[in-house]
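FYI, it's all coordinate maths here, none of it is from the lab. Just so you know, these numbers come straight off a predicted model, no measurement behind them. For neighbour counting, all protein chains shown are included, and Cβ atoms are generated from backbone atoms with ideal geometry for every residue, glycine included.
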Amino acid sequence: MAKTKDPTNPEELVKYITSCLVEHSDKIEIETVEEENKTILKLTVDDSDKGKIIGKNGKIAKSIRNVLKLASTKGDSKYILEII
């Protein structure tokens with residue numbers, strides 16, 4: 001399990017969740033792109049860990065997006081997760 005502090009923003013939340021799922025947590029990168037009323041989080045992981053993040057039929061990726069959607073209800077900005 002990842003040895004990080006509790007996440008305080010959506011970027012840290014995504015990094016925390018993915019670090020618990022992958023084997024190469026040191027290769028997790030999140031690029032934040034701000035647009036008008038939305039923020040796009042571009043997640044990059046090691047090629048061998050992509051399947052663990054996406055999951056069977058995309059179920060894990062969908063779950064991460066749902067958690068991110070719930071976490072962004074506090075603010076005015078909408079967060080979108082892209083897995084690269």
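Let me spell it out: the conditions are (1) among the hydroxyl-bearing types (Ser, Thr, Tyr); (2) under 10 Å from the mean Cα position of the chain (by Cα); (3) assigned to a strand (DSSP E or B), and residue 32 meets all of them except one. Which number is the exception?
Answer for residue 32: the failing condition is (2).
Please go through the stretch 11-34 and give me each residue that is among the polar types (S, T, N, Q) and touching a residue at least 40 places away in the same chain (Cβ under 8 Å), ordered by number.
Passing the criteria: only 18.
Does residue 37 fit the bill of being surrounded by fewer than 15 Cβ atoms within 10 Å (Cβ to Cβ), in contact with a strand residue (DSSP E or B) (Cβ under 8 Å, 6 or more places away or on another chain) and either farther than 24 Å from residue 6 by Cβ or in contact (Cβ under 8 Å) with a residue 24 or more places away in the chain (or both)?
Values: surrounded by fewer than 15 Cβ atoms within 10 Å (Cβ to Cβ): yes; in contact with a strand residue (DSSP E or B) (Cβ under 8 Å, 6 or more places away or on another chain): yes; either farther than 24 Å from residue 6 by Cβ or in contact (Cβ under 8 Å) with a residue 24 or more places away in the chain (or both): yes.
Against the criterion (surrounded by fewer than 15 Cβ atoms within 10 Å (Cβ to Cβ), in contact with a strand residue (DSSP E or B) (Cβ under 8 Å, 6 or more places away or on another chain) and either farther than 24 Å from residue 6 by Cβ or in contact (Cβ under 8 Å) with a residue 24 or more places away in the chain (or both)), residue 37 qualifies.
Here is a check on your reading of the model: is residue 15 out of contact with any helix residue (DSSP H, G or I) (no Cβ under 8 Å at 6 or more places or on another chain) and surrounded by 17 or more Cβ atoms within 10 Å (Cβ to Cβ)? It would help to see each step written out before you state the result.
Working: out of contact with any helix residue (DSSP H, G or I) (no Cβ under 8 Å at 6 or more places or on another chain): yes; surrounded by 17 or more Cβ atoms within 10 Å (Cβ to Cβ): yes.
Criteria met by residue 15.
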